[in-house]
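First up is the structure itself, then whatever we jot down about it.
Coordinate-derived values only; no laboratory data. If you're wondering where the values come from, they're calculated on a predicted model, not measured in any experiment. Ideal geometry is used to build each Cβ from the backbone, glycine not excepted, and the neighbour counts take in all protein chains shown.
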Amino acid sequence: MKTVWKYCYWLDTEAFRRLQERMEARGVCMVAAKQNPCEAIRVDIGYAAPEIWQVICKHDATPWYRASRHAGKYLIASSQPLDPDFQAFLATTITPVDFTPPLLPTPEQEQALIAHPDYRRKEPDGWGAFPKEMGAAIINGLAKMYGTPIEPFDDLLRTWTAVHANFAAPAFRADAAWEHAPYSIAPSVRISSGCVEFFNLIDSSEKALLVRPCIGGVIVTAFEKDRYYLVRPASFIETDPPM
């Protein structure tokens, strides 16, 4: 639980170019994400450029990215902390943990999470605005790949939204052993845009978050399906010395 798996940073263009030059001088190759920002997680040090958010995450992750204070910045995911002069750009650390949620919400409780004013204030413009045919394709694709039931896309979208809402206005929390962290209230097949919490696009002030990956992050093999990860926002991170 105490060993950090990934250090995640948000760099502006100038800082990113400086990091690139430094890594090149050391013979270190930073691997670029090609379609999904979470691809940056798969290597020792990867990055997602601003334009990557529009490739396959246009309708779910992109509205959160665009509305966040990190809009236009480069996401860096590294297995080791970057040099101290990049400390100010650190956003989160991610660590896989063994956690079992004590309770998951009913559809009615999901709707209550979504209706909370603290969440409504954070929900970005464009969230959930999927073309009708895309929603149907998502439902059918999940059924084919994972055997999930065919359901109205609006039901799946309700769960997607409730997952984010429980981090914006937590009603479902872990116990004191997990620092009362809010947790993902669905399995991976019913989660979209896990990057919102993994990289703190939601701008959480919680000490810790217990986050399951979305199915997109699982499909690109960035994260383990249904595994919980302890995410610690920058304000509560104690960094190890750089290697």
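Please work out the C-alpha center-to-center distance from segment 41-67 to segment 104-139 and express it in whole Å. Here the two parts' Cα centres lie 20 Å apart.
Qualifying trypsin sites (Lys or Arg not before Pro) in segment 1-74, where qualification requires a DSSP coil assignment and no more than 15 other C-beta atoms within 10 Å, comprise 2, 26, 34, 58, 69. Charge tally around residue 6: other residues with Cβ under 12 Å, Lys/Arg +1 each, Asp/Glu -1 each, net +1.
Using only the C-alpha atoms, the convex hull of segment 1-235 corresponds to 119 Å³ per residue. For 146, 119, the sequence from fewest to most other C-beta atoms within 10 Å is 146, 119.
When both bridge partners sit in the chain, DSSP labels roughly 90% of those beta bridges antiparallel. With all pairs of different C-alpha atoms in the average, the Kirkwood value for the hydrodynamic radius of segment 1-52 is 12.0 Å. Of the residues 229, 130, 152, the one whose Cα sits farthest toward the positive end of the charge dipole of segment 119-243, with +1 on the Cβ of Lys and Arg and -1 on the Cβ of Asp and Glu, is 152.
Taking 22 Å as the cut-off for C-alpha to C-alpha distance, list the pairs among 6/34; 122/144; 6/207; 34/207 that go past it. Correct reply: 122/144; 34/207. Summing charges over all other residues whose Cβ lies under 11 Å from the Cβ of residue 52, with Lys and Arg as +1 and Asp and Glu as -1, gives 0. Other residues lying with their Cβ under 11 Å from the Cβ of residue 78 contribute a combined charge of -1, Lys and Arg counting +1, Asp and Glu -1.
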